[in-house]
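J.: First the structure, which I've put down as C-alpha cells, then a few questions once you've had a look.
The values are calculated or read from the model by the stated rules, or taken from the named source; none is laboratory data. Fair warning: this is a prediction, and the values are worked out from it, not measured in the lab. Here the Cβ is made from the backbone with ideal geometry for all residues, glycine too, and neighbour counts use every protein chain on show. Just so you know, the surface numbers come from the protein's heavy atoms only, side chains and all, with ligands and any DNA or RNA stripped out. Shrake-Rupley method; radii C 1.70, N 1.55, O 1.52, S 1.80 Å.
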Amino acid sequence: MFNKQKTYGSPGRLLSTIGVLSTTLIMTCLGYSYKLLSGLGGDAIDPVEICGKVNSVKVPEYSAHCILFVTLILQGWWGTLILNFPFLFYNFAQWYPGKYLLDSTQIFPTLSEVMHELKIKAGLFFLAILYNFWEWTSWSPPSYLAMKKLFRRTKNLGH
C-alpha cells in the first residue's frame, strides 16, 4: 500500500529526502534563471552567455520535476501530486518540441514573457510547497497504527 510510506521507516525517510532535494533543486533552478534573466535588462551582459547558462539549468529542473513526481506517487501524496501534475505536463510540452531552449537572438523581444513565465512557475510551485507543508504537518497516523501500538503496549504489560 502506498500510504504506508507516509508512516515511518527507511523507505519513507528516503523518499522524503529525495522529495526535499528535488524541490530544492527546482526552486534553485527557477531562482537562478530569474536572477540571470533579470540582469539581462542592462546591455552590459552578453545575451549568448546568459541564454547558455539558463538553457543549461533547464535539464536539471525538468529532471527534478520528474523525480519529484515519481516520489510523490510512491509516497502517496495525492493532493501534492495533483498540484505538481501541471508542472510536469508543461515541462513535457516545452521539452518534446524543443521549445524550452532560449534563443539568444530572440531573447530581448520575449524577455518580458519569459520573466512572467518564471514568476508564475515559481509562485505556483511555492504554493504547492506550502500545501505540501500543510498536509505534512496536519497528517495524523491512521487508526490501525494507533491500535498496533496499543496492542504492543498491552502485550508487554502482560508478561
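J.: Pop a pseudo-label 7 angstrom from the Cα along the beta-carbon direction at both THR17 and GLU135 and give the gap in nm to one decimal.
T.: Result for the modelled spin labels: 2.2 nm.
J.: Here's a follow-up. Treat each spin label as a single point 7 Å out from the Cα along the C-beta direction, and report the TYR32 to ILE82 distance in nm.
T.: My value for the distance between the label points is 3.3 nm.
J.: Here is a further query. Can you pull the accessible area of LYS99 for me, 1.4 Å probe, Å² to the nearest 10?
T.: 140 Å²
J.: In whole percent, how big is the carbon plus sulfur part of the accessible area of the stretch 10-82, probe 1.4 Å, protein atoms only? Mind showing how you got there, number by number?
T.: Details: 2600 of 3620 Å².
Carbon and sulfur atoms account for 72 percent of the accessible area of the stretch 10-82.
J.: May I pose another question? With r as the distance between the Cβ atoms of PHE108 and SER63 and R0 = 22 Å, compute the FRET efficiency 1/(1 + (r/R0)^6) and round to 0.05. Walk me through the intermediate numbers first.
T.: Working: r = 29 Å, r/R0 = 1.31.
Calculated value: 0.15.
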